[in-house]
Structures are given as C-alpha cells and as structure tokens.
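Working notes for the structure below.
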Amino acid sequence: MIAPLKPGQQLVPISKFRPSMRGFDCEVIVLETAVPTTTRDGQTIHTFLVADKTASIVMNVWGTDGKCIRNGDILRIEGAEAKLFKGFMQLTTARFGKMRRVGEDTMAFKEQPNMSETIHGTK
C-alpha cells in the first residue's frame, strides 16, 4: 500500500520535468540499479533508472542513502531537482530534500520516453 499524500501536496509527473526545476515532489518506481561510482574526492554516487506512469529518467543519489534503494522500490521524493549533466536531464534530491520508500512493485509505469536520453540545450 502506498502512503497517502500530505494535504495540498501535488506530485509532478516525469514528463513535466524541465531542466533546472527545483523543489518539486514526485513519486517513482526503481527499474534498474547501476554500479555505484566514486568521485575524485571520494563521494559515492548511486545511479538508478526510475519511472512513473508518464516517462522514465536517470536518478542520482549521493552518499550512503543509495545503498538502501532496490529495484521495485516506490520512492516519494520531496524537494527534488531536475538537473542537466552533459546536456542530459537527471533527477536528484536537493540538499534539504527528502526521499522515502512508500511501497514496492505495485506501480504502473512507462519506460519510454526516457527523459535522460533527450539532449537538452542550455538557454
């Protein structure tokens, strides 16, 4: 069972994400997990392919929070950001954002379009 929304809370679907959007809430299901990478300064980045009923996108989670995320987890992210990395859009949590598991394996989703496969120009 998925946790109910807070009063007044609205979830933004992946298909409505735009580069540099900040502070929005969304709910996604984890489809794939990549091998974590480590930056030159020793920070760990966990990368996932996530989706909702409208599209999919690559999500990056910095630090140890990504260790707990598994395929099939349904995550509610509060204070999310859509950022460009090398021209491709990615989902991440803001510095003070929150992410929590609200269910597993029971969410309708679409893998296409993948918003991270579209090249976005900078204005």
For this session: Give the range 11-26 a look and list any residue that's open to solvent by 100 Å² or more (accessible area, probe 1.4 Å) and either among the aromatic types (Phe, Trp, Tyr) or more than 15 Å from Gly97 (Cα to Cα) (or both), or say none.
Result: Lys16, Arg18
Seminar exercise, completed: Filtering the range 27-66 for residues that are outside any loop (DSSP other than H, G, I, E, B), over 13 Å from Gln90 (Cβ atoms) and open to solvent by less than 50 Å² (accessible area, probe 1.4 Å) leaves a count of 8
For this session: Look at the range 82-104 and say how many of its residues are open to solvent by 20 Å² or more (accessible area, probe 1.4 Å) and either in contact (Cβ under 8 Å) with a residue 60 or more places away in the chain or under 13 Å from the mean Cα position of the chain (by Cα) (or both).
Result: 10
Exercise. Filtering the range 67-81 down to residues that are charged (D, E, K, R) and open to solvent by 90 Å² or more (accessible area, probe 1.4 Å), which residue is modelled with the lowest pLDDT?
Worked result: Lys67
For this session: Among residues belonging to the range 105-119 that are among the hydrophobic types (A, V, I, L, M, F, W, C) and exposed (fewer than 11 other Cβ atoms within 10 Å of the Cβ), point out the one that is nearest to Leu5 (Cα to Cα).
Result: Ala108
Exercise. How many of the residues in the range 87-105 are modelled with pLDDT of 85 or more and over 16 Å from Ile14 (Cβ atoms)?
Worked result: 7
For this session: Would you point out which residue out of Thr33, Thr47, Thr54, Thr37 is in contact with a Ser or Thr (Cβ under 6 Å, 6 or more places away or on another chain) and more than 15 Å from Arg101 (Cα to Cα)?
Result: Thr54
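The values are calculated or read from the model by the stated rules, or taken from the named source; none is laboratory data. The structure presented is a predicted model; accordingly, all values stated were derived computationally and were not measured. When we count neighbours, we look across all protein chains shown, and the Cβ atoms used for this are built from the backbone with ideal geometry, even at glycine. When the accessible area is computed, the model is the full protein with side chains, heavy atoms only, and any ligands, DNA or RNA have been set aside. Shrake-Rupley method; radii C 1.70, N 1.55, O 1.52, S 1.80 Å.
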